[in-house]
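Input: a single structure, listed below in C-alpha cells.
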Amino acid sequence: MQTFAVAGCGDSCRYDVVYGATQIQLWVSVGAFIVATLTVVALSLRGKESWWAPAAGAIIVVVTGIFSTIAISGATAA
C-alpha cells in the first residue's frame, strides 16, 4: 500500500528526497516566521528598527522554496 503520493511520480520516484524536501521547506518556513516575529518584538521593545527581520525571513523562505522545488523536480524526473 502506498502512503505517500506525488503528482507526476512514477515507479522511479525518489520518495525519500521528495518527503525530505517537503519537510525541510515546512520547518524552515515555521522557523523563519518564529524567529522573525521574536526579533521584531525584541527590537520594537528596544525602540530599534525591525523592518529587516520579516524581509530576511521572507528571503529565507523563498530561497528554501527554490531549492526544495529543484530537489523535488530532480526526484520526480523519469
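General observations
- Per residue, the average separation of C-alpha pairs within less than 8 Å and at least 6 apart gives segment 15-76 a relative contact order of 51 percent.
- Model label points for S73 and V40, set 7 angstrom from Cα along the Cα-to-Cβ axis, are 3.1 nm apart.
- Global geometry of segment 20-78, whether rounded, prolate or oblate, following the gyration tensor of its Cα atoms and the 1.5 cut on a/c: prolate
- A simple rule links phi to the HN-Hα coupling: the Karplus curve 6.51 cos²θ - 1.76 cosθ + 1.60 with θ = phi - 60°, which for segment 41-50 gives 4, 5, 6, 5, 5, 8, x, 9, 5, 9 Hz, with x for Gly and Pro.
- Tilt relative to the chain, helix 52-76 - C-alpha long axis, 0 to 90 degrees, to 10: 10
Laboratory data are not the source of any read-out in this text; all were calculated from the coordinates shown. Nothing here was measured: the structure is a model prediction, and the numbers come from that model. Positions of Cβ are generated from backbone atoms using ideal geometry, with glycine treated the same way; all protein chains shown enter the neighbour counts.
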